[in-house]
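A.B. asks: Okay, handing you the structure first.
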Amino acid sequence: MDKRAPLAAPAGTEPPARVVIIDDDADILDAFSLLLRLEGYIVETYSSARAYVDCLLRLQSRSQNLPECIVCDIKMPGMDGLKMQSFLSRQGV
């Protein structure tokens, strides 16, 4: 997991939203991460859906650690984005 702070201060007084990006292509992760951080978002990146799910399941209080948005590749080896969405939905996430 790569967790990076925003590069620009977000507009307004609300804390910046957290976005999770999941993709098996490192160049895509870097590009989306930079773009979103420049817009003031807190960004976490994962190289696989399984890595994100495993991290989420390890957290004690999942409801407090959910991002405002998940951007996920749908064609990845192993658990793809659609399988991850289905799994998270069954878990009540």
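Computed from the coordinates by the stated procedures, all read-outs in this text should not be read as laboratory data. Just so it is clear, the model here is predicted, and its values are computed rather than measured. Glycine gets a Cβ as well: all are built from the backbone with ideal geometry, and neighbour counts include every protein chain shown.
A.B. asks: Given H placed on each backbone N at 1.01 Å, which residues far from residue 20 in sequence or on other chains put an amide H within less than 5 Å of it?
C.D. replies: Under 5 Å from the amide H of residue 20 lie the amide H atoms of 44, 69, 70, 71, each far enough along the sequence or on another chain.
A.B. asks: Answer with one residue from 57, 67, 38: the one whose Cα lies farthest towards the positive end of the charge dipole of the stretch 25-85, charges on Cβ with Lys, Arg +1 and Asp, Glu -1.
C.D. replies: 57
A.B. asks: Right, another one. Name the long-range amide H neighbours of residue 40: under 5 Å, sequence gap of 5 or more, or other chain; modelled H, no Pro or chain starts.
C.D. replies: 7, 8
A.B. asks: Something else now. Of the listed peptides 36-49, 71-84, 15-28, what is their order by residue-averaged count of other C-beta atoms within 10 Å, with the highest listed first?
C.D. replies: The densest-packed peptide leads the list: 36-49, 15-28, 71-84.
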